[in-house]
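Let me begin by presenting the structure, written as structure tokens, before commenting on it.
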Amino acid sequence: MRYPKILLNIALVLAAVTAILHLYIGIWVYGIPLGVPLILIALVYLGGIGLIAANNRRDLWLKIGIYWVIIVIVLWAASAAVNAPNTNIALAYGAKAVEFVLLGVLLRIRTARSYGIKSGIGN
């Protein structure tokens, strides 16, 4: 591991917050069956958290996580562009804000790893 552990912990917490927001929006805002895609997105986030926390091919999942977050944000933007219902509610904007921060943390983890920044206090 060549990146600060605090960044990894922050990424895991942000992913958990995003998963909870997607579950809430999927179940209580959209309901079943319209909310199923959001529930599945939340399950992917939770599965990723589990794999990364278990250190099961962590570097691979962190790299895939960057692309996953980008895809989710782009799909939401496309949905909002065609005025899909509930894409402009405050919770949706909150989820996207958390995902943008998560994306930044994941990119920072990748660059820290690329440049060989050692983990520890102050990094």
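The values are calculated or read from the model by the stated rules, or taken from the named source; none is laboratory data. Just so you know, these numbers come straight off a predicted model, no measurement behind them. Virtual Cβ from ideal backbone geometry, glycine too; neighbours counted across all protein chains shown. Accessible surface areas use protein heavy atoms only, side chains included; no ligands, DNA or RNA. Shrake-Rupley method; radii C 1.70, N 1.55, O 1.52, S 1.80 Å.
Consider Leu46 against the criteria (1) over 19 Å from Asn86 (Cα atoms); (2) touching a Gly at 6+ places or on another chain (Cβ under 8 Å); (3) of a type outside the set (Phe, Trp, Tyr): it satisfies all of them except one. Which criterion is unmet? Looking at each condition in turn, Leu46 falls short on (2). Listed by first and then second residue, the pairs linking a residue in the range 67-86 that is without any contact (Cβ under 8 Å) to a residue 12 or more places away in the chain to a residue that is open to solvent by 90 Å² or more (accessible area, probe 1.4 Å) and among the aromatic types (Phe, Trp, Tyr), with Cβ atoms under 8 Å apart and 6 or more places separating them unless they lie on different chains, form an empty list.
Within the bounds of the range 22-29, is there any residue that is closer than 28 Å to Asn86 by Cα and in contact with a His (Cβ under 9 Å, 6 or more places away or on another chain)? Steps first, answer last, please.
Step one: of the range 22-29, the residues closer than 28 Å to Asn86 by Cα are 22-29.
Going one step further and asking which of them are in contact with a His (Cβ under 9 Å, 6 or more places away or on another chain), we end up with none.
No.
Residue by residue, here is whether (1) β-branched (Val, Ile, Thr); (2) in contact with a Gly (Cβ under 8 Å, 6 or more places away or on another chain); (3) surrounded by 14 or more Cβ atoms within 10 Å (Cβ to Cβ); (4) part of a helix (DSSP H, G or I) holds:
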| position | (1), (2), (3), (4) |
| --- | --- |
| Tyr24 | no, no, yes, yes |
| Asn83 | no, no, no, no |
| Tyr93 | no, no, no, yes |
| Leu106 | no, yes, yes, yes |
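Close Cβ contacts (under 8 Å, 6 or more residues apart or on different chains) running from residues in the range 39-63 that are touching a residue at least 12 places away in the same chain (Cβ under 8 Å) and within 19 Å of Trp28 (Cβ to Cβ) to residues that are basic (Lys, Arg) and open to solvent by 70 Å² or more (accessible area, probe 1.4 Å) are absent. Against the numbered list (1) more than 28 Å from Tyr3 (Cβ to Cβ); (2) part of a helix (DSSP H, G or I), Asn88 comes up short only at (2).
Suppose the filter is farther than 24 Å from Arg110 by Cβ, of a type outside the set (Val, Ile, Thr) and at pLDDT 95 or above; does Gly26 pass it?
Details: farther than 24 Å from Arg110 by Cβ: yes; of a type outside the set (Val, Ile, Thr): yes; at pLDDT 95 or above: yes.
Answer is yes for this residue.
Results for (1) in contact with a Leu (Cβ under 8 Å, 6 or more places away or on another chain); (2) at pLDDT below 95, shown as yes or no for each residue.
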position: His22; (1), (2): yes, no
position: Gly50; (1), (2): no, no
position: Asn86; (1), (2): no, yes
position: Leu107; (1), (2): no, no
position: Thr111; (1), (2): no, yes
position: Ser119; (1), (2): no, yes
position: Asn123; (1), (2): no, yes
